[in-house]
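Let me begin by presenting the structure, written as C-alpha cells, before commenting on it.
Bear in mind these aren't lab numbers, they're just calculated from the coordinates by the rules spelled out. Small disclaimer: the values here were computed from a predicted structure and weren't measured. Because the Cβ atoms are built from the backbone with ideal geometry, glycine has one as well, and the counts that use them run over all protein chains shown.
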Amino acid sequence: MLADLLASPGGWRHGYDIARQTGLASGTLYPILGRLSDGGLLETRWEDDPPEGRPRRHLYRLTAEGAVLAAAVAEQAAAVARQAAASSGGRVRAGRRGRPAVEGA
C-alpha cells in the first residue's frame, strides 16, 4: 500500500481508489490508513465539493515523513527481491499485486 501511495506522493487519494489498486479489503485498509495517519505518516482531509448525489470522500496522502518511509520500505523490498533472485539463479517474476516472486520457490 505504501508503494501505491508513493506512486503519487503529493496527490490526494480516496480509500476506494487505494483499495482497488492494492486489492485490500476495507476491513484491512481503513485500520492501516488510520494507524498511518495517527503516526504522522499520512495526511487526511474530506473532499471539498463532491458531485451532487455522492457523499464527500475521505482523502489521504503521504506526509514528507511518510514518503521517506515508503521509499525506504520500497528499497528494502527491492533488495530482498534482488537477493532472492541471486539465490535462485536470477529467475524472478511478478507475484501477487505486482510484488516480485521467485520462480521455483
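Per residue of segment 66-72, in order, report the coupling 6.51 cos²θ - 1.76 cosθ + 1.60 (Karplus, θ = phi - 60°) as ³J(HN,Hα) in whole Hz, putting x for Gly and Pro.
Once θ is set to phi - 60°, the couplings for segment 66-72 become x, 5, 5, 4, 4, 5, 5 Hz.
For segment 7-21, take each phi angle, set θ = phi - 60°, evaluate the Karplus expression 6.51 cos²θ - 1.76 cosθ + 1.60, and give the result in whole Hz per residue in order, putting x for glycine and proline.
4, 9, x, x, x, 7, 10, 9, x, 4, 5, 5, 4, 4, 6
How far is it, in nm, from the label point at HIS14 to the one at SER87 when both lie 7 Å from their Cα along the line to the Cβ?
Result: 4.3 nm between the two label points.
Say each of ASP38 and ALA64 gets a label point 7 Å from the Cα, pointing the same way as Cα to Cβ; how far apart are those two points in nm?
Result for the modelled spin labels: 2.6 nm.
Quick one: if you stick a label point 7 Å off each Cα along the C-beta vector at SER26 and ALA77, how many nm between them?
Each label point lies 7 Å from its Cα, and together they span 2.4 nm.
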